[in-house]
1. Can you tell me the length gained on complete extension of the stretch Gln104 to Val448, counting 0.36 nm per residue apart and subtracting the Cα distance?
2. Within the set of other residues whose C-beta is less than 12 Å from the C-beta of Ile259, count the net charge using Lys and Arg as +1 and Asp and Glu as -1.
3. Across segment 143-152, in residue order, what do the Karplus-derived ³J(HN,Hα) couplings come to in whole Hz, using 6.51 cos²θ - 1.76 cosθ + 1.60 with θ = phi - 60° and x for Gly and Pro?
4. Between Asp463 and Ala357, 0.36 nm times their residue separation minus their Cα-Cα distance comes to what?
5. Using per-residue counts of other Cβ atoms within 10 Å, averaged over each peptide, order 451-460, 153-162 from highest down.
6. Hey, if we sort Leu100, Leu370 by accessible area with the 1.4 Å probe, largest down, what's the order?
7. With a 1.4 Å probe and every protein chain left in place, tell me how much accessible area Phe134 has, in Å² to the nearest 10.
8. Skip the ligands, DNA and RNA, and give the accessible area per residue of segment 345-406 with a 1.4 Å probe, whole Å².
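The values are calculated or read from the model by the stated rules, or taken from the named source; none is laboratory data. Every value quoted in this text rests on a predicted model; they were computed, and no experiment measured them. When we count neighbours, we look across all protein chains shown, and the Cβ atoms used for this are built from the backbone with ideal geometry, even at glycine. Heads up: the accessible areas ignore ligands, DNA and RNA and are worked out on the full protein's heavy atoms, side chains in. Shrake-Rupley method; radii C 1.70, N 1.55, O 1.52, S 1.80 Å.
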Amino acid sequence: VQLTTLGMWSLLLLWGLAAPCQGLLETVGTLARIDKDELGKAIQNSLVGGPLLQNVLGSVTSVNQGLLGSRGLLGGGGLLGYGGVFGVVEELSGLKVEELTLPQVSLKLLPGFGVQLSLHTKVGLAGSGTLGGFLQLAAEVNVSSRVAMGISSRGTPILILKRCSTLLGHISLLSGLLPTPLLGLAEQTLFKVLPGLLCPVVDSVLSVVNELLGAVLSLVPLGPLGSVEFTLATLPLISNQYIELDINSIVKSVAGDIIDFPKPPKPIKVPPKEDHTSQVTVPLYLFSTIFGLLQTNGALDIDITPELVPSNVPMTTTDLTALVPEVLGKVPRGQQLLLRLQVKQAPAVTLQKKKAAVSIAANIRVLPHLPAGTPDALLELNGVMTLNAQLAPSATKLHLSLSLERLSVKLASSFVHPLIVDKHQAASHLEEWLSDVFRAAYVPKLNVDLDVGIPLPKVLNVDFGNAVLEVIENAVVLTVAS
């Protein structure tokens, strides 16, 4: 039974890590395809420097900033320091690592497994040689490791060192005297010591990269609306060019309730990714939930008073009566107006090829604007606003800005005159006026509320601020060069 269970999990792991080929996003999550170049950058940056490693490897004082410092893992007191492995060879006592050239990183993605990671570096050693003379040695070293990709106990993608070996290249004597037998002894000792010295460096590098990968699992606040929690939906998929992460986007209200809106009726067809680029696909679901939260919070409702519109936009009963005299002929002249707009259902967001739009159905009541009391409505209309959405990426968000494309209204009732007139004709007279009012007072309010943006998951600190944006059916795709 144990063997059967182990075999089943092995098959599941291999299936999860298999190279992606369908190009379909079945879930409502955010699909991230991270190019191998980005992984290479993350590894190289972890070698160059960063405070994450200093607690582990000691303070850095040498020219080689980061984990390769003279007082870190490789320096005095380390494996090759005085009293270390070389301390057993009397003629070479005190020999230690003085310098380690910043490694050159090369990697290859292994579909179905993980990463083949290679580091090429030069080690400089110094100490006392024969008869106490100053001695300097240099050795070229290749570190080769196989790294598996899986999921940590926290539910984040993780790189795990499975095998590590070193290949010692040419050893040269830079200064001092060292008889050939002792040079051979130094060479043999380095063969024994370097794996134990440099493979922990690989482990330390992976721990830094895993911290960056762990940032995928995060809770992103949405201001007064709630939050988005990102989690992995499936095991990472690995092709020969990129790592693919299917990331669940769980939207919660301020109270902590999960917001569940309708999913697209069919999977999203994700376009292919070009080499040396990374890609993130933001689904329609995230757009719908943001607007759904705005509606349930009442943020889409508004009372529009004359103070909110420019002076050239009419907001009096005199102006309104001139538009629809057959409806409001008996209304007192010269009174200021109040427009009360209420949205009673979540807006509909559409993402089609090269276009994003939002449709908001609203109930519009036109009332006298009185300083006190609750006035009776003059008119009630049912309106539908169609708004174009302009999208712009930043490092961490996808920003939205709306503009009113058109407004259609139907005259529902008049509280001052029986509706015996042509409703369609009266409504058409009101549409142009209401469009001016909404452009001046309502659309700017929507854009302020939408400043929270659509959050993007953090994967290896990839910055999508300069990404090329493409609107496809039911999704938006951001692509950035590595």
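1. 119.1 nm is the gain from fully extending Gln104 to Val448.
2. Values: positive: Lys252; negative: Glu229, Asp257, Asp260.
Charge balance in the 12 Å sphere: -2.
3. Rounded to whole hertz, the list is 10, 10, 9, 10, 10, 8, 10, x, 10, 6.
4. Additional length available on full extension: 35.6 nm.
5. Result, highest mean first: 451-460, 153-162.
6. Leu370, Leu100
7. 130 Å²
8. 46 Å²
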